[in-house]
Amino acid sequence: MLLSSLSILMGAVQVPSDYLWVYSTHIILVCLYLIWSKRLIVLFLTLISFVSVLSSEFSTPPYLPLTTDSELLVDFDNKELISNYSQLGNHDARSDNQSVRLVYFEKNGVRRTQDDFSLTFSQSKFHSVESSQKIYQGVITRVVLPNQEGSWWQQNLYIKRQAAELTVHFSDEDLQRLEQKPLSVRGRLLAKLDHAFENFDYWRFSKALLLGQDDLWSERDTWMVRTLGLAHLFVVSGLHTGFMFAIGRMISRSVWRFFPNRLLLYGVTRWHCDAVIVIPLLFAYAYITNWGEPVVRASIMLSVYLCARMLALKLSPYSIITFALWLVLLFEPRAVLSPGLWLSFSMVYLLIGFCQTSTKLSRLLMVQVMLSTASMVLILGWQVAISSASILVNILLIPLAAFLWFPWALLSCMEVLIIGSTYSYEQLEILLYYIISFIEMIAFEWPLLVFEQHASDVPRLLMLLLVIVWVYQSPLKRGIVSAIGIWVILFSSMLSNASEAGLSLVNKNNKLILTEKSDILLTNTWVGSDISRLRLDSYLNTEQQGGYFLTPSNTSEITPQILLAHGVKWLILKQDGAEKIIAMLDGMNVKWLVIPAGGSLDFHFQKNRISLQHSSCIYSFFLLKSDTCKRVEKLESVLNYNQT
């Protein structure tokens, strides 16, 4: 019923501009068919979709006359950026009040990002508020514009409807004022929890479980979680919203018992009580987690479900989820470009299809196997390898988190906020010691399964088809044949003994060593002060557009004169002493990449392409990349550009 409306919302974003005539013809034919078939409700929803598309997708892109080194005034309280447009050319074509993303770095190097700042061009306002204590003066150091077909960060700006991403440099005085700036209600709650639990080793995992914030994690923690396939457990997602839904239902049932029986005479049912209690609870959780997209999507799904039950509508689960998808795209058609949207809804559709026949324990275990396998297919290309114990760990940890860890940690947070004690969390910390130790042991001692990287989309489409067949054949055992077929395609490289890296660069005993198979080609301790001998261009076949160097063993030998004399464009650093020269490299626009102690960087040569694999980036989920992984991606892009 809703497919016609969904096609309009999705087509507005995905149809190329050259084929808009096909898109408009499709809309006309759909409307004529609905009128002819007298499906007035569907016609109404289709027209609403069309109005939503017209109001959001076909406006002229704004002109932003901003360049680097331009001055800006920032009002964090009102989320406003003020530019003195007189210093910019072509100000008559400027576009006021555009939403932009602000990026700045704190003194300790932490990157801060805030969306939806309004950008105003006004010379008079610029000078009138310049001396205000609430205003922060900065200089633009980088401007990134949205692009639907561009890199993933440009696509993210397009999806978020941000007219630009402005990186702004503030003075040390302004940064100090920012640190002392009063926090929002959400910020004060999080600060109080962090202060109360700062001495507990495993609060960093509990914080990620409850709030989806992994700011306390090390790269080691991130690698462990991604490798075990537990990312969905430590980012706010539909799973967490499901936990809150279950808690809300329990509260609702307790409240319902105290209601007088005569309420039933007025048509009030337990579903009305559920809707009144659970829906506000879901969106309150969405507020605490800063309106994370997965939480909002799951809250809409569950709210639609509760409303359908409250109104006694006889709708199939598929209809309810499809209507929730339509609502999400109605308010933001560009969400169709978000992989998280399709990952969330795909998992829900598969879950419904697999679970509708039985809820026995053995069936639930098979559900976890199916969901883990399906998620491997969907994330193929975003992650390099996964632990062989991933399914087992998910089977054990998801029920543990749902029935024990999540509610216990939630009660501990309420204890801190209400009476200020941490007694209950102290007991939870004892349990978490054994849980995290078990997880670490599995992550670092069990073998990894390396995904096959397919150049064509045909294997992925085949695996998606096998997943659908598996769910369709459920609960028949013949579906296992589909599962085996998926695993064979996923990990075929391990069955055929995938080729080793052509070159490997390792940091061993604080030495950078370049090897080919077992032969040592170069080490930074061999060359003394002659940095020219640390050039990697000949090994990478990039002599024409080179400039790739290892750092010498004595980092003090790296000077601006040396960098300029040898035309250094990329410098591979060891972790020890790297922070001393990074500021100089950034100032000279020299790109750099750190290989930590015990780490490695592998170069795989495939025809005319070079593929890189950093030991800290065995996962590469594009929304959660570390700074190191982003630099590896950029280096790989530059190397392959030089190859063509």
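The values are calculated or read from the model by the stated rules, or taken from the named source; none is laboratory data. All values derive from a computational prediction rather than experimental measurement. Neighbour counts are summed over all protein chains in view; Cβ atoms, including those assigned to glycine, are modelled from backbone coordinates with ideal geometry. For accessibility, only protein heavy atoms count, side chains too; no ligands or nucleic acids. Shrake-Rupley method; radii C 1.70, N 1.55, O 1.52, S 1.80 Å.
What is the magnitude of the charge dipole of the chain about its Cα centre, with +1 placed on the Cβ of each Lys and Arg, -1 on the Cβ of each Asp and Glu, and no other charges, expressed in debye to the nearest 20? If you can, show how the numbers build up before the last one.
Values: 51 positive and 50 negative charges, 490 e Å.
Charge dipole of the chain: 2360 debye, to the nearest 20.
Compactness of segment 236-310 was expressed as the Cα radius of gyration divided by 2.2 N^0.38 Å, which yields 1.15.
Entry comment: accessible area of the chain is 52 Å² per residue, from protein heavy atoms only and a probe of 1.4 Å.
Once the Cβ-Cβ distance of Lys630 and Leu431 is raised to the sixth power relative to R0 = 35 Å, the FRET efficiency obtained is 0.45.
For segment 179-306, taking Cα atoms only, Rg and Dmax work out to 18.0, 59 Å respectively. Computed from the C-beta positions of Phe283 and Ser538, the FRET efficiency with R₀ = 51 Å rounds to 0.30.
Using the Cα gyration tensor of segment 293-368, with a ≥ b ≥ c the square roots of its eigenvalues, what is the shape: rounded (a/c below 1.5), prolate (a/b larger than b/c) or oblate (neither)? Since a/c reaches 1.5 but b/c is at least a/b, the shape of segment 293-368 is classed as oblate.
Rounded, prolate or oblate: which fits segment 110-244 when a ≥ b ≥ c are the square roots of the eigenvalues of the alpha-carbon gyration tensor, with rounded for a/c under 1.5 and prolate only if a/b beats b/c?
Oblate shape, in that a/c is at least 1.5 and b/c is the bigger or equal ratio.
Structure note, pairs Lys160/Lys192; Lys569/Lys630; Lys107/Lys181; Lys134/Lys630: Cα-Cα distances above 26 angstrom occur for Lys160/Lys192; Lys134/Lys630. If you take the square roots of the eigenvalues of the alpha-carbon gyration tensor of segment 149-215 and sort them as a ≥ b ≥ c, do you get rounded (a/c under 1.5), prolate (a/b over b/c) or oblate? Judged from the Cα gyration tensor, segment 149-215 comes out oblate (a/c at least 1.5, b/c at or above a/b).
Set the Förster distance to 60 Å, then compute FRET efficiency between Val103 and Tyr266 from the Cβ-Cβ distance, nearest 0.05.
Working: r = 54 Å, r/R0 = 0.90.
Once the sixth-power term is evaluated, E becomes 0.65.
Take each of the peptides 414-424, 216-226, average the number of other beta-carbon atoms within 10 Å over its residues, and list them starting from the highest. Could you put the intermediate results ahead of the total?
Working: 414-424: 12.7, 216-226: 18.1.
Those peptides, ordered most packed to least, come out 216-226, 414-424.
Carbon and sulfur together cover what percent of the accessible area of the chain at a 1.4 Å probe radius? The computed percentage sits at 60. Beta bridges assigned by DSSP with both partners in the chain are antiparallel in approximately 75 percent of cases. From its DSSP helices (H runs of at least four residues, each -39,500 (n - 2.57)), the chain gives a residue-normalised ellipticity at 222 nm of -16000 deg cm²/dmol.
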